[in-house]
1. Name the single residue, out of those in region B:92-116 being in a loop (DSSP other than H, G, I, E, B) and within 21 Å of the chain's Cα centre (by Cα), that is nearest to B:GLU54 (Cα to Cα).
2. Over 29 Å from A:PRO234 (Cβ atoms) and within 14 Å of chain B (Cβ to nearest Cβ): which single residue out of A:LEU91, A:LEU50 fits that description?
3. Against the condition among the basic types (Lys, Arg) and touching a residue at least 60 places away in the same chain (Cβ under 8 Å), how does A:ARG186 come out, does it pass?
4. Mind counting the residues in region A:16-36 that are outside any loop (DSSP other than H, G, I, E, B) and more than 9 Å from chain B (Cβ to nearest Cβ)?
5. Take the residues in region A:230-265 that are in contact with an Asp or Glu (Cβ under 8 Å, 6 or more places away or on another chain) and among the aliphatic types (A, V, I, L, M), then tell me which one is surrounded by the fewest Cβ atoms within 10 Å (Cβ to Cβ).
6. For B:PHE4, indicate whether it is within 25 Å of the chain's Cα centre (by Cα), in contact (Cβ under 8 Å) with a residue 24 or more places away in the chain, in a loop (DSSP other than H, G, I, E, B) and within 12 Å of chain A (Cβ to nearest Cβ).
7. Just one of A:ALA178, A:ALA173 is free of Cβ contacts under 8 Å to residues at least 24 places away in the same chain and either over 30 Å from B:ALA13 (Cβ atoms) or in the same structural domain as A:HIS129 (by TED's automatic domain parsing) (or both); which is it?
8. Got a number for residues in region B:163-203 being crowded, with 17+ Cβ neighbours inside 10 Å and more than 19 Å from B:LEU143 (Cβ to Cβ)?
Number of protein chains: 2
Amino acid sequence: MAVFTPVTAADLATFLLRYNIGTATSFKGIAEGVQNSNFLLETTKGRFILTLYEDRVDTAALPWFLALTTHLADKHLPVPRPIVDRAGVALQTLNKRPAAVIEFVAGVSVTEPTVEQSHSVGVALGQLHAAVRDFSVERANNLGQTHWRAMTTRCNGRIGEIDPALPGMIDAALAATADWPNDLARATVHTDLFPDNVLMLDGRVTGLIDFYFACTDIRAFDYATTHAAWCFSPDGQTYHADRARALAAGYAASHGLTAAEIAALPRLGQGTALRFTLTRAYDWLNTPADALVTRKDPMAFARRMMWYGAATPDMVLGA
Amino acid sequence: MAVFTPVTAADLATFLLRYNIGTATSFKGIAEGVQNSNFLLETTKGRFILTLYEDRVDTAALPWFLALTTHLADKHLPVPRPIVDRAGVALQTLNKRPAAVIEFVAGVSVTEPTVEQSHSVGVALGQLHAAVRDFSVERANNLGQTHWRAMTTRCNGRIGEIDPALPGMIDAALAATADWPNDLARATVHTDLFPDNVLMLDGRVTGLIDFYFACTDIRAFDYATTHAAWCFSPDGQTYHADRARALAAGYAASHGLTAAEIAALPRLGQGTALRFTLTRAYDWLNTPADALVTRKDPMAFARRMMWYGAATPDMVLGA
């Protein structure tokens, strides 16, 4: 997205005095992420991303996000490390916004995942779930199962404007997911590991990014979300069982699913597809058609929601 | 500005096969320029800017722009060089848009110029004017003096919505600039050398960028435009004579103004300020207030227009 909060060369020079990362040699706003102002910063000592957090992010949780990604970088996961200032502090303020400097990592976002890339992201997700075993601070999921009815209400009865069939599809999914597998193991989860949040080079994961929806929730819900994001065509019309098999094999290699988690996968997939249908529906109904933002089609996830509603665990595993 | 035309990793990989610049290791849309989709591209062989030209640019003139910047890079000016493909061609097509890969140059855009930086840009402008002496292909200025009345009409009588005084200010400037110094020397000129189109490091110019308004026009008109862009506070309220003196000294060191050009500076300044007032007024009246674009205040240049209308040549030189 565009840069919402401008940062001048003078602002930047003063800000960098707090750090031990040199002086700026290049500084460009980047059209990345959907919520914050991001800049690619090159200094005499390296390359970094400067993020100014805008209102859409849960700014109260920024210390938690930064602690989590620092924890993951410490565990040698491919997660960009927050850079601390001379006093050891990562979270700063710049131009009245919370701000942080983050390590730059090479890599290119996947768009249409291959089987090999689906395997790699499965491995990385399992490594993530292994690495958070000793990350004990919890954060509630503001977009979790207990919120979906309120998220539906928030659309003010206008969901039928998107597609006349959509209100009925959502009602059915709300009813089905009322039976939610709350007894499954919980963990710190990413909940948004879409291809555009994974950087890769030659099929290898070099960066897991955008942890700003991370929270504590059912661990296998994260698997289901990654499955929904990687194993369908973008419009949700086509299921790629070969990618699903690769994702499952990759995850099994680094973490693995229990029998109870496997049994719950169709319900978890239905739930995560409902969550993205609802947030996209709200954005669709509240984004001016002429805004310089590409609105994401809620139906792409409503179709996934229907698929999971009729799926068996084996189908989710691609078996 | 935002990225208008998305480029996927797969699109990019195929596109790069045409070149001898390696494979992508990083690729990020950048929020830079007001007209095109720009990406910062890092490959195994170096760093580049990939530009997809959108409708606002005069695409018929792209071969001319690329020939000009290649000419300037050949002359060792700090101008990013267009990269040619294996067949020696710079102008390509990508996702149905004209596209070019351009050399990346380090440096940070100035925001509030210092006296030293004003001197440096004066030197660079003079070097530019020296380097185009043997660049003989001409391009008309679509926003030049002969167009200003039509540009006023295009605002449909709505200019008073911006400020009740503005229509009268514009009419006076239109009348004054009807007496235009057409006998002055003509040259290839940048016509948009604002601080955000100049990259600097430690007060040294490392990049002159964004030549997409370059054309053939009165050479000293380029000096006047640079003066208007560098020697006032952004809102046009404050004139910085110290910067004007430094700009004049820098330009004198690398090129210099004739007595006739100096005599015409107030009129040329009035004209360039009118041009920016008119384009900003049109954009102001035709940009939705809720668009994710910062509208630039036309009055900032209307104030400069009034200043030049009352200025002497010595005042423009900061003498």
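The values are calculated or read from the model by the stated rules, or taken from the named source; none is laboratory data. Quantities reported herein were computed from a predicted structural model and do not represent experimental measurements. As a convention, Cβ positions derive from the backbone with ideal geometry for all residues, glycine included, and neighbour counts pool all protein chains shown.
1. Result: B:PHE104.
2. A:LEU50
3. No, not satisfied.
4. 1
5. Here the residue is A:ALA260.
6. yes
7. It is A:ALA178.
8. Adding up the residues that qualify gives 6.
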